[in-house]
Each structure stands twice: as C-alpha cells, then as structure tokens.
Amino acid sequence: MTIDEETTPVAPRKQLSPTRGWLGVAAITASLFVFLTTELMPIGLLTPLSESLHVSVGTAGLMVTAQGVAAGLGVPFLVAWTRRINRRRLLTALLAVLAVGNLITSMAPTYPLILGTRLIMGFASGVFWAIGVSMAMRIVPERHANRAAAVVMSGISVATVVGIPLGTVLENAGGWRATFLIWAGLSSLVLLAVACTVPSLPSANAVSVREVFGLPVRNVPLRVVLVMVVLFVLGHFGAYTFVRPYLEESASATAGFITVVLIVFGIGGAIGNFVGGLTVGRSLRGSFVVGGLVLIGALGMLLTTGTNAVGVIAAMILWGLAFGVVQLSQINMTLAAAPETFEAAMSLNTMAYNTCIALGALFGGLLADHVGVPGVIWFGIVLVALAVILRASTGRRTTAAS
C-alpha cells in the first residue's frame, strides 16, 4: 500500500483477538461484494431485462443509473446524518435494505417500481462505501490497519469482475428474477455474518458535509485525482454496461458465449488486481497510465475483431486485466493524496465513482439508442484516453506516492 501508517488516521479500536478481527474484515469485504454486485449486475442482464419488462436496452440501463446516482450524491449527507449511530448497527441496517430491495426487484411487476427500489438501495450502498473501510481498520491491531484497508479495497476489483458474469450464469439457469432472489438471500447471509463477527463500533470518525466538500478546495492533488476518476469511470462503465448488446449485434453472440466472455473478463480483472498490487507501490503514475493504455487498446481490439470469437476473448482478457490495474491505482491515488483525511477522501471517491457509474450507463444508453451500440465503445476510448493524458501530464504533483 502507498498509505503511510503513521499519517493515516484510524479511530480508536476495540481490543479483539486477531482471528475475530480478521473474520470481521472478511464480513465487511463480503458486504462490499454484495453491494457492488447488486449495483452492477443489471449490466450482464440488460437484454433479458429489457425484453421481459418491455423497455429498450438503454432504458433498462437506468437500473444502474438510479442506484449509482443515489449512492454517489447521497453519501456525504447520509454519513453526516448517521454520524451518531453505532457503525455495526448501521451496517446491518444497510444490508437489510439491500436484502429487501433485491427481494422486491425479483418480484416487481413493473419497471418504475424496480427503478424506485434501486434508488433506495443506492442510498444504502453509498453509506457503506463511506464507512466500510474505516470499520475494517478499527477492528484489527493497529499495525495491520492498512492491510485490512487493502483487503477491503482489493475486494472492489474482485466484486466488479466476478459479480456480473456470476449474475449472467444464474440468469441463464433460472431467469433474471431468480438471480435477484438469490442475491436477496446472499445479502441476508452477509448481514448475519456482520452481526456475528463485527464488534460494536461507536461512531468515531464520521465527517461533516462541510469537511467533505471543502477537502478538494484545499487539496489540489486530490482534486486532480478525482477528475481522473470521473473520466476513467465514465469511459469504462459507459462501454462495459453495453458490452452484451454490442457483442450480440456485432457477432450474433449467444447467451452462452456472453457468459464465457464475462467470465474471461473476470479472470483478467483478478489477474490485473494482483498485478496492480505489485506495481502501485512502485509507481502509481506508471500503473495508471500503462493500465489505461492497455484498456484503450482492448476497446480498439473489440471494435476491429468484434466479429471473431477469439479476438473478442483476447480483447476482454486485456480489458479485464487493465481494469484491475487502473482500479487499484485510482483508489491508492485517492488515499495517497489525502492520507490525513481518510473518511472525507473516501466519501469523495464514493461520490465520484458511483455517480459516474450511473452517468456512464446513462450516456451509454443515449448513445446506444440514438447512435448505435458501437458508439458506446468509442465513448469509452475517448474518456479513458483523457484520463490517461491528465495522469501523464500531472506527474509527481498528483500524489505524494507517485
């Protein structure tokens, strides 16, 4: 990790056995998995969702938009309003919202009801992003606080690249409603795991709305990093949200092949996350720039080899690998830019990341409906290229750890 243990603020921790503490970290990481996969799962289900609910593919993509907007824009306010609530109690309540939301989604007869449910689930997701990592840091010995943070944050990449293909596999087996029903059950199991393993954690590090929004005004490196996050997330998720419709249109891909492609992307992402763990400590700048360039190349390959199965698989492997590296790089850049204001930085990262997931799906849907699905891939290329140019041009001024 690039975070200095002596400068990273960690709230007073309860004295727990190492085993109990790491079990709690595992439960928090599992919470991240169910929150993020719930948010992104519609990406792999857009075609059956749109057909079943009688809406366009672009409109179906608003399921991602609704949850992402709520998770991003609501987080600083909700964290401030819940600042006196015990963090274990708050997390269990958030997981209860997620479980009930997935259950309602699995049975909802109309698309507007699904959208409204996703909006409420998004508020719960945003609060988790703001408190989850700091909770993990508090329940392990102080010397392992950064390691706990690394475990939770590396789980972001795993959740992103595993959840979508897993949802596709489940949809092929039992339909999209069964997929969300299964996820409701999984969310309930994670809730029980949190209740059993995470100790009582009185709120100690909650940040005010003023502190959150004032940080990028004072902290220029963090401001630059957040702009890069916006560009990268818009580009990546704008393209990735519509990868299934693109492959179905360009290569007449079957549902089975889509599942294989998404699993391949997941494997590439897991490898990229591992590679990023080795490289970000040496050069955050280099990891982000090289990973971004590989991602751009993968999208270009998809455009030129989209009718060839081997070419598509090769492009998706590279795309996943690059995403894993860039994802871990941008998280480390955020924390390195503001090591002494940990929760505020994470709140801003949450706002930028989740809002741009939503906007990426929105802009991609507009392009898909009005220009054509290939236009969404070009959208990804341009936005990621801008992020790479900004990162390369800012150099060592961006973070202390570059």
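Leu115 passes every criterion in (1) touching a residue at least 60 places away in the same chain (Cβ under 8 Å); (2) within 22 Å of Leu53 (Cα to Cα) apart from (1).
Could you check, for the stretch 229-237, whether at least one of its residues is at pLDDT below 90 and either in contact with a helix residue (DSSP H, G or I) (Cβ under 9 Å, 6 or more places away or on another chain) or more than 23 Å from Ile331 (Cβ to Cβ) (or both)? For the stretch 229-237, residues at pLDDT below 90 and either in contact with a helix residue (DSSP H, G or I) (Cβ under 9 Å, 6 or more places away or on another chain) or more than 23 Å from Ile331 (Cβ to Cβ) (or both): present.
Open to solvent by 10 Å² or more (accessible area, probe 1.4 Å) and not aromatic (Phe, Trp, Tyr), is that true of Leu49? No, not satisfied. Determine whether the stretch 244-255 contains at least one residue that is outside any helix (DSSP H, G or I), within 25 Å of Gly68 (Cα to Cα) and at pLDDT below 85. Among the residues of the stretch 244-255, not one is outside any helix (DSSP H, G or I), within 25 Å of Gly68 (Cα to Cα) and at pLDDT below 85, which makes the answer no. Flag set for Ile104, criterion: free of Cβ contacts under 8 Å to residues at least 24 places away in the same chain and touching a Ser or Thr at 6+ places or on another chain (Cβ under 6 Å).
Residue count for the stretch 330-363 satisfying the condition of being part of a helix (DSSP H, G or I) and over 13 Å from the mean Cα position of the chain (by Cα): 16.
When Arg218 is tested against the conditions (1) touching a helix residue (DSSP H, G or I) at 6+ places or on another chain (Cβ under 8 Å); (2) open to solvent by 10 Å² or more (accessible area, probe 1.4 Å); (3) at pLDDT 85 or above, the lone failure is (1). Entry remark, the stretch 243-269: residues being crowded, with 18+ Cβ neighbours inside 10 Å and farther than 18 Å from Leu299 by Cα number 1 in total. When the helices (runs of 4 or more DSSP H) confined to the stretch 26-136 are screened for residues that are hydrophobic (A, V, I, L, M, F, W, C) and touching a helix residue (DSSP H, G or I) at 6+ places or on another chain (Cβ under 8 Å), those reaching at least 3 such residues are found at 46-53, 62-73, 75-81, 87-107.
Apart from one condition, Ile389 fits all of (1) open to solvent by 20 Å² or more (accessible area, probe 1.4 Å); (2) under 28 Å from Thr59 (Cα atoms); (3) not aromatic (Phe, Trp, Tyr); the exception is (2).
The values are calculated or read from the model by the stated rules, or taken from the named source; none is laboratory data. Just so it is clear, the structure is predicted and the values come from calculations on it, not from any experiment. Note: ideal-geometry Cβ built from the backbone for every residue, glycine included; neighbour counts use all protein chains shown. The area values use the complete protein model at the heavy-atom level, side chains included, leaving out ligands, DNA and RNA. Shrake-Rupley method; radii C 1.70, N 1.55, O 1.52, S 1.80 Å.
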